[in-house]
Amino acid sequence: MENNERYSFNSNDLIYKVFHYIKPLIITTIIGAVAAIVVSLLITPLYRSTVIVYPAPSLSISQELIATKDAAKKESMYGEDKETEQLLQVLNSDELRAKIIHKYNLWKHYDIDSANVKYPNDKMLKKYQKRISYKRTEYMAVEISVLDANPDTAALMANDIATLIDTIMNAMEHKRAKEALQIVEYEYKAKEEQIGMFKDSLRRIMEKGIYDYESQSEVVNEAYAQAVASGNTKGAERIKEQLDTLAKYGAAYVSLRDFLEFESEQLSALNQKYKEAKVDAEQILTHYFVVNKATKSDKKAKPKRAVIVAISTLATFIFTFIILIFIELVKDYRRQEEELEQAQEK
């Protein structure tokens, strides 16, 4: 019963123990605070620069600039969830990270010796992700945040990362757009050549005297009937020659004329697609709008020295108190063991 009560602490016991060990607690806490201050002063301060961007709608350049009446219309000039996710995917891409690492020589800047460090790429990735981060804001924008020991470098890097969004996305889109342009251009030129051939054929038929088969047939047939009725044999023979020509080439004329009319409509549609594909392949349209551009910060973001010192001091106090209580419990346990052994010997 006495043993149970001995190890049953309440708040008064805790306060008593604190005062009982006040001297070692104060000494270790002061040592911990001083050590925390020294360590916090040795930590390199980091400055934060941020860029806030809104995604643009994911329409092609041709849809934005020369869209037809059937093209989809956006209610907002800003993108939605899909466009925001696309920006985040590009920002986290290996290509963008490689460009930033190369431009700012981050191997040297982050003091990573790729030749002598084990798993250098993994170390660079962890350092990069620790210093450079991206997140979606509550208003569907994207925040690009860069931490660096040099405030100028932090601002420059953040702005360059934003610029690279367009560089990478346009490169991907232009590659596909150029392939599409080649296909449309081939079809357009083939259609032009085909129409040119049929126009030549139609022109040769028209050189035979056929300009409008339907009206000519009606007029010539009526003239032939009148010539025959009036007994004009020579006139009827001349008109009969015209009728024979109409009969010989009329069907081809009608077929070519109707075909050219249909193909001209197809060529017009291809011409519109060709213009759109040419714009997509040659022009550039931004994929985001900058809300806040990164600027040089005059206040460090890390470390928070006051927080480090406060937490370290408190942790030292608690840890020291726990160790002292544990030592006391061990001593009490050993003393009880000795008393029990002496009682047994008696």
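The values are calculated or read from the model by the stated rules, or taken from the named source; none is laboratory data. Predicted model, so just to flag it, every value in this text is computed and none were measured. Glycine gets a Cβ as well: all are built from the backbone with ideal geometry, and neighbour counts include every protein chain shown. Accessible surface areas use protein heavy atoms only, side chains included; no ligands, DNA or RNA. Shrake-Rupley method; radii C 1.70, N 1.55, O 1.52, S 1.80 Å.
Within segment 60-75, is there a residue that is open to solvent by 60 Å² or more (accessible area, probe 1.4 Å), at pLDDT 80 or above, touching a helix residue (DSSP H, G or I) at 6+ places or on another chain (Cβ under 9 Å) and of a type outside the set (G, A, S)? No: segment 60-75 contains no residue that is open to solvent by 60 Å² or more (accessible area, probe 1.4 Å), at pLDDT 80 or above, touching a helix residue (DSSP H, G or I) at 6+ places or on another chain (Cβ under 9 Å) and of a type outside the set (G, A, S).
For segment 260-283, the tally of residues that are open to solvent by 60 Å² or more (accessible area, probe 1.4 Å), at pLDDT below 80 and not charged (D, E, K, R) stands at 1.
In the set L106, L88, only one residue is out of contact with any Cys (no Cβ under 7 Å at 6 or more places or on another chain), at pLDDT 70 or above and crowded, with 17+ Cβ neighbours inside 10 Å; that residue is L106. Taking the numbered list (1) open to solvent by 50 Å² or more (accessible area, probe 1.4 Å); (2) within 30 Å of A36 (Cα to Cα) in turn, L340 passes all entries but (2). Scoring A294 on the criteria (1) hydrophobic (A, V, I, L, M, F, W, C); (2) surrounded by 14 or more Cβ atoms within 10 Å (Cβ to Cβ); (3) part of a helix (DSSP H, G or I) leaves a single failure, condition (3). When each of T153, T163 is tested for being polar (S, T, N, Q), more than 16 Å from the chain's Cα centre (by Cα) and at pLDDT below 95, the lone residue that passes is T153.
Scanning segment 299-346 for residues that are within 22 Å of R131 (Cα to Cα) and either among the hydrophobic types (A, V, I, L, M, F, W, C) or modelled with pLDDT under 80 (or both) gives A301, K302, P303, K304, R305, A306, V307, I308. For A306, the criteria (1) more than 30 Å from T50 (Cβ to Cβ); (2) open to solvent by 60 Å² or more (accessible area, probe 1.4 Å); (3) aliphatic (A, V, I, L, M) hold in every case but one, which is (1). Of the set (1) of a type in the set (K, R); (2) without any contact (Cβ under 8 Å) to a residue 60 or more places away in the chain; (3) under 30 Å from I144 (Cβ atoms), all apply to K331 but (3). Residues in segment 136-146 that are touching a residue at least 24 places away in the same chain (Cβ under 8 Å), at negative phi and open to solvent by 10 Å² or more (accessible area, probe 1.4 Å): R136, T137, E143. Per the listing F317, F289, F321, the residue uniquely more than 23 Å from I37 (Cβ to Cβ) and hydrophobic (A, V, I, L, M, F, W, C) is F289. Scanning segment 183-212 for residues that are at pLDDT below 70 and open to solvent by 70 Å² or more (accessible area, probe 1.4 Å) yields a total of 2. Against the numbered list (1) without any contact (Cβ under 8 Å) to a residue 60 or more places away in the chain; (2) acidic (D, E); (3) more than 21 Å from E193 (Cα to Cα), D298 comes up short only at (1).
Filter segment 109-135 down to the residues that are of a type in the set (G, A, S) and either in a loop (DSSP other than H, G, I, E, B) or more than 22 Å from K300 (Cβ to Cβ) (or both), then identify the one that is least open to solvent (accessible area, probe 1.4 Å). Looking at the filtered set, the residue picked out is S114.
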